[in-house]
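The values are calculated or read from the model by the stated rules, or taken from the named source; none is laboratory data. This is a predicted model, so every value here is computed, not measured. As a convention, Cβ positions derive from the backbone with ideal geometry for all residues, glycine included, and neighbour counts pool all protein chains shown. Accessible surface areas use protein heavy atoms only, side chains included; no ligands, DNA or RNA. Shrake-Rupley method; radii C 1.70, N 1.55, O 1.52, S 1.80 Å.
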Amino acid sequence: MLEKSTNLNSGRQLIDPFDRDITYLRISVTDRCDFRCVYCMSENMTFLPKTSLLTLEELYRLASIFVDCGITKIRLTGGEPLVRKNLLWLIENLSEKMGNTNLEEITITTNGSQLVKFAADLAKNNIKRINVSIDTLDDILFKKITRWGILSKVLDGIKAAQDVGIRVKINTVALKGINDQEIPSIIKWAHTNGMDISLIETMPMGDIDGDRTENYLPLSEYRNFLERELTLTPSNYNTGGPSRYYNCQETGGILGLITPLSHNFCADCNRVRITSTGKMYMCLGQNDSADFNKLMRSGASDREIIRLIHHSINLKPKSHDFRIDKYNNAPAVDRHMSVTGG
Ligand code: SAM
Ligand code: SF4
């Protein structure tokens, strides 16, 4: 039987050595996925052995302790979070914590392929916002980018989520020579359909079949191209993350630019990440990690886990080391984005 975690809030918030308040936990619930996006994975991936994954009960215990330490927002991601078996159990249990603990919000980042099936249950469990990744609205290009995905299924999934009242934000990876010409119409499509959208630069994480530098599009420069069609003015909207937001005059919608490479915003970083195997990475672009799997499976008490959380937050680095140019085309970190959770 699962023991509900008692509130062991030490009264301390999670504040790192650079005075950043860590309130946001991203959990990669699986590194597996039903797509194979070209910038994210190679076609033949070797995934983590299932025995090394934390069980959902272990993930719940760990997340609960983080909440007791001051985490207010949890994002479930992956890999594709909705392919993890029984994920709804974790969502149900975490959602019971909202309103009576520090936890204020649970969100999900998904490729949308399973949303038709899950949207109603997500809404029932207090999921009010999700991010869905779409890099093109062209069926054939969608298949090329995701290798295994079907665009119409994702669009049906978005509609299913909106029909049950979930707010959808679109994430689009900007890919030079692939979707750069189409992005203005993707922005208009998102805004016309009541969705905000963020553009993301490719990050050098994990080996893929090709070379990412070919498709790297620095968004700081790309903005000039966008502004030929759209009038963008800086917005006060802020999620405490790496995105900078702009109001788009023509559509009335919000556009986020996530520019970890061309302009890094590490000074505002408020997050840490847990992998499906229970490793905590203090920074997406660095290799330092803390192993909660080993600690939990050795029978550690909640207090020992809290001690490791505080110890690790004290080691959070000032910034990542990502660089991507013709001299730096190897991955900056070996693990794929799907392991740490994008
Ligand atoms: N499968 C879900 C999805 O695609 O939304 C969640 C996990 S995915 C790793 C999270 C986000 O990371 C997606 O928006 C995806 O496009 C982005 N992503 C994956 N690999 C990336 C990379 N190397 N650089 C930049 N973004 C990446
Ligand atoms: Fe899967 Fe998301 Fe990576 Fe695409 S970006 S392969 S959907 S984890």
Reported set for the range 190-227 where residues are of a type in the set (Val, Ile, Thr) and at pLDDT below 90 is THR202, ILE208, THR213
Identify the single condition in (1) touching a Ser or Thr at 6+ places or on another chain (Cβ under 9 Å); (2) open to solvent by 10 Å² or more (accessible area, probe 1.4 Å) that LEU54 does not satisfy, given that it satisfies every other one.
-> (2)
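Picking from ILE197, ILE170, ILE150, which residue would you name as being under 25 Å from SER243 (Cα atoms), without any contact (Cβ under 8 Å) to a residue 60 or more places away in the chain and within 14 Å of ligand 2 (Cβ to nearest atom)? Write out each step before concluding.
Numbers: ILE197 fails: within 14 Å of ligand 2 (Cβ to nearest atom); ILE150 fails: under 25 Å from SER243 (Cα atoms).
On inspection, the qualifying residue turns out to be ILE170.
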Of the numbered conditions (1) open to solvent by 10 Å² or more (accessible area, probe 1.4 Å); (2) within 27 Å of GLY194 (Cα to Cα), MET45 fails exactly one; give the number of that condition.
-> (2)
Could you look through the range 28-46, keep only residues that are acidic (Asp, Glu) and within 9 Å of ligand 2 (Cβ to nearest atom), and pick out the one that is nearest to the chain's Cα centre (by Cα)?
-> ASP31
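It is to be established whether one or more residues within the range 326-342 are at pLDDT 80 or above and either open to solvent by 40 Å² or more (accessible area, probe 1.4 Å) or of a type in the set (A, V, I, L, M, F, W, C) (or both). Talk me through it step by step, then tell me what you get.
From the range 326-342, those at pLDDT 80 or above are none; that's our starting set.
No; the residues of the range 326-342 include none that is at pLDDT 80 or above and either open to solvent by 40 Å² or more (accessible area, probe 1.4 Å) or of a type in the set (A, V, I, L, M, F, W, C) (or both).
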Which members of the range 14-25 meet the condition of being open to solvent by less than 30 Å² (accessible area, probe 1.4 Å) and out of contact with any Leu (no Cβ under 6 Å at 6 or more places or on another chain)?
-> LEU14, ASP16, ARG20, TYR24, LEU25
Taking the range 220-244 and keeping only residues that are under 19 Å from the mean Cα position of the chain (by Cα) and either open to solvent by 20 Å² or more (accessible area, probe 1.4 Å) or more than 25 Å from LYS73 (Cα to Cα) (or both), one is left with TYR237, ASN238, THR239, GLY240, PRO242, ARG244
Taking ASN100 as meeting all but one of (1) surrounded by fewer than 16 Cβ atoms within 10 Å (Cβ to Cβ); (2) assigned to a helix (DSSP H, G or I), write down the number of the exception.
-> (2)
